[in-house]
Amino acid sequence: MRIEILEFPEGAIKARGTTVIIDVFRAFSVACYAFDAGASRLIATDDVEKAFTLKSVYKNSVLVGERNEMKIEGFDFGNSPTEIIKENFTGKTVIQTTTAGTAGLVGAVNADILLT
């Protein structure tokens with residue numbers, strides 16, 4: 001078995017085979033909290049404008065994300081579990097974009113199996 005450690009979204013682009021994207025500090029922790037709060041799905045994107053477009057497509061949705069650790073202007077929430085811990089996302093689509101975590105997911109297009 002060959003294991004490579006590649007870093008950041010640039011590393012995700014190079015990933016092949018079974019790929020594990022790790023961003024437990026924020027992106028994937030927020031995803032866990034969102035599902036615990038009843039979210040029906042989570043759509044990850046690496047692009048802020050695409051997130052706004054997706055919100056117009058998925059009417060019952062919320063925008064969650066950050067750039068350089070700051071909440072994105074016009075988003076419903078930043079990318080912190082403490083911001084959403086008491087929210088009710090029942091039946092909602094969470095559209096999430098982050099500087100590293102979701103960018104890694106989107107960039108890992110050559111992975112055979114993708115785990116977060």
Give the residues of region 94-115 that are assigned to a loop (DSSP other than H, G, I, E, B) and either touching a Leu at 6+ places or on another chain (Cβ under 7 Å) or closer than 18 Å to Ser40 by Cβ (or both), sorted by residue number.
Ala108
Could you run through region 76-93 and say how many residues are of a type outside the set (A, V, I, L, M, F, W, C), more than 17 Å from Lys55 (Cα to Cα), more than 14 Å from the chain's Cα centre (by Cα) and not in a helix (DSSP H, G or I)?
3
Are any residues in region 11-55 touching a residue at least 40 places away in the same chain (Cβ under 8 Å) and assigned to a loop (DSSP other than H, G, I, E, B), and if so, which ones?
Ala15, Arg16, Ile21, Ile22, Asp23, Arg26, Ala37, Gly38, Ala39, Ser40, Asp46, Asp47
For region 7-39, which residues satisfy the criterion of being loosely packed, with under 15 Cβ neighbours inside 10 Å, of a type outside the set (Phe, Trp, Tyr) and more than 13 Å from the chain's Cα centre (by Cα)?
Glu7, Glu10, Lys14, Arg16, Gly17, Thr18, Val20, Asp36, Gly38
Contacts under 6 angstrom Cβ, first residue in region 95-116 being on the phi > 0 side of the Ramachandran plot and buried (at least 18 other Cβ atoms within 10 Å of the Cβ), partner part of a helix (DSSP H, G or I) and not acidic (Asp, Glu), 6 or more apart:
none
Got a number for residues in region 60-116 being of a type in the set (Gly, Ala, Ser), out of contact with any strand residue (DSSP E or B) (no Cβ under 6 Å at 6 or more places or on another chain) and closer than 23 Å to Thr18 by Cα?
5
How many residues are among the polar types (S, T, N, Q), more than 19 Å from Val106 (Cβ to Cβ) and either touching a residue at least 60 places away in the same chain (Cβ under 8 Å) or not in a helix (DSSP H, G or I) (or both) when one looks only at region 56-75?
1
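Read-outs: derived from the displayed coordinates by stated rules, not from any lab. This is a predicted model, so every value here is computed, not measured. Because the Cβ atoms are built from the backbone with ideal geometry, glycine has one as well, and the counts that use them run over all protein chains shown.
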